[in-house]
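The values are calculated or read from the model by the stated rules, or taken from the named source; none is laboratory data. Just so it is clear, the structure is predicted and the values come from calculations on it, not from any experiment. Glycine gets a Cβ as well: all are built from the backbone with ideal geometry, and neighbour counts include every protein chain shown. Note: accessible area is taken over every heavy atom of the protein model, side chains too, but ligands, DNA and RNA are not part of it. Shrake-Rupley method; radii C 1.70, N 1.55, O 1.52, S 1.80 Å.
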Amino acid sequence: MLWKIRTELADRPGALAELAARCGADEINILSLEVFTAEGGAVDELVVSTGVGWTAEALIALAAEAGCLRTTVRPCQADVLSDGPTRYLRAVLRLIDDPVSVDDELGNLQGFDEYTPAEWARADVLVEIAGRLAERLQETDGPRPGSGEPELRTATVDDAEAVVAMHERCSFESRTRRYHVPMPKLTARTARHLSAPAGGVSIVATVGEAVIGMATAAPWEELGRTTMEVAVLVEDGWQGRGLGGQLLRCVIGEARDRGADRAVCVVQPENVAMLRTIEGLRMRTRVVQDSDNLMVTVALSDQSLSHAVDRPPVQYRRSRATPSLRSQPARAAGQYAREHALAALSAVQPNPRRAGSADGDGADRGARP
């Protein structure tokens, strides 16, 4: 029987030889070995062949006797013995036909819940490939500018199917700016959550039965019960027509009506279009430079940006519940910038080190509802 073993060897010379000798004494054949560099030292992954009667628990005990720590054992098939680059290339071939199967491919390729830094890098590349393939395969069959006048209304869970279709028509770049991570496909479950967020509200722009834009406001309880996070996505063909600003203004008004005294937008610095859209609101704001993003807080009451009610900064990605293939490092606490009129946002310059260009509609691609 074949087993895949991942373990941390003792940080001393001869540790691997001791494990190999222990396997040899029990007639366990090591068929392959891969070493990953991790923050705490080396992580070794072995594929071994055992006789009848061996269990995962017994192999973990054997590794412990050899001085290994944090050992995980799973049964596997003979295909894991293929050369690593070949397995990843075959995964890309399968993604060409089915880009949305990227999660399954990652599970088959890596097989363990804990990823090493090298595996995170591989996963990032594979997810990006899947996203770009999905973008090329999708059919752009939504309404075009000029085919109707957009109407804004409150979204419901019944809009989930149209919201999924709108996301599929959006480009890879637009979705990434909205969610800060590659989004190969929006699931129906997530679309229902976006359409009717708990404690919040979503506004959709529609032409006929099609959704062409969406703005969402939802409570950000880590910053206080009266703070809502807002985000906007507009279909690429409708960008640059002021629709993002209409959606943003409408959803902020709805947030205020629900008792919010602050609206927070987390924006990538190069997303100049979104910054200009916020500027167009002509409302009082405060900007926090927090790691790679700008946290723009819009005042919804006279006291909402008063220092007397300031709340401590939070770790954005760890505090907001959005599924991601990538674990996020702890964010340093942001320092408050000056309080200013929104016109000052136009002075923010794009970061040339980050990929992508600003979207023309001003739609926020950062964060979640």
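Considering only residues that are β-branched (Val, Ile, Thr) and part of a strand (DSSP E or B), which ones fall in the stretch 7-34? Across the stretch 7-34, the qualifying residues are Thr7, Ile30. The set of residues from the stretch 97-127 being at pLDDT 85 or above and either polar (S, T, N, Q) or open to solvent by 70 Å² or more (accessible area, probe 1.4 Å) (or both) comprises just one member, Val125. Taking the conditions (1) outside any helix (DSSP H, G or I); (2) touching an Asp or Glu at 6+ places or on another chain (Cβ under 6 Å) in turn, Ala273 satisfies each one other than (1). Give me the residue from the stretch 1-50 that is more than 23 Å from Gly107 (Cβ to Cβ) and among the charged types (D, E, K, R) and, out of that set, least open to solvent (accessible area, probe 1.4 Å). Among those that are more than 23 Å from Gly107 (Cβ to Cβ) and among the charged types (D, E, K, R), it is Asp26.
When the stretch 51-88 is limited to residues that are of a type in the set (Val, Ile, Thr) and either within 29 Å of the chain's Cα centre (by Cα) or within 16 Å of Ala21 (Cβ to Cβ) (or both), the one that is surrounded by the fewest Cβ atoms within 10 Å (Cβ to Cβ) turns out to be Thr86.
Part of a strand (DSSP E or B) and either under 28 Å from Glu128 (Cβ atoms) or open to solvent by 10 Å² or more (accessible area, probe 1.4 Å) (or both): does that describe Gln289? Here the answer is yes, as Gln289 does meet what is asked. For the stretch 162-175, the condition of being of a type in the set (Asp, Glu), out of contact with any His (no Cβ under 6 Å at 6 or more places or on another chain) and modelled with pLDDT under 90 holds for at least one residue. Scan the stretch 147-180 for residues that are charged (D, E, K, R) and within 14 Å of Glu135 (Cα to Cα) and jot them down. Glu168, Arg169, Glu173, Arg175 - these are the residues of the stretch 147-180 that are charged (D, E, K, R) and within 14 Å of Glu135 (Cα to Cα).
Of all residues in the stretch 221-234, how many are at pLDDT 90 or above and out of contact with any Pro (no Cβ under 9 Å at 6 or more places or on another chain)?
Qualifying residue count, the stretch 221-234: 3.
Return yes when Ser202 is open to solvent by less than 10 Å² (accessible area, probe 1.4 Å) and within 30 Å of Ile129 (Cα to Cα) and no when it is not.
In short, no.
Listed here are the residues, each with its yes/no results for (1) open to solvent by 10 Å² or more (accessible area, probe 1.4 Å); (2) not in a helix (DSSP H, G or I).
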residue	(1), (2)
Ala191	no, no
Glu222	yes, no
Arg225	yes, yes
Ala231	no, yes
Gly245	yes, no
Gly259	yes, yes
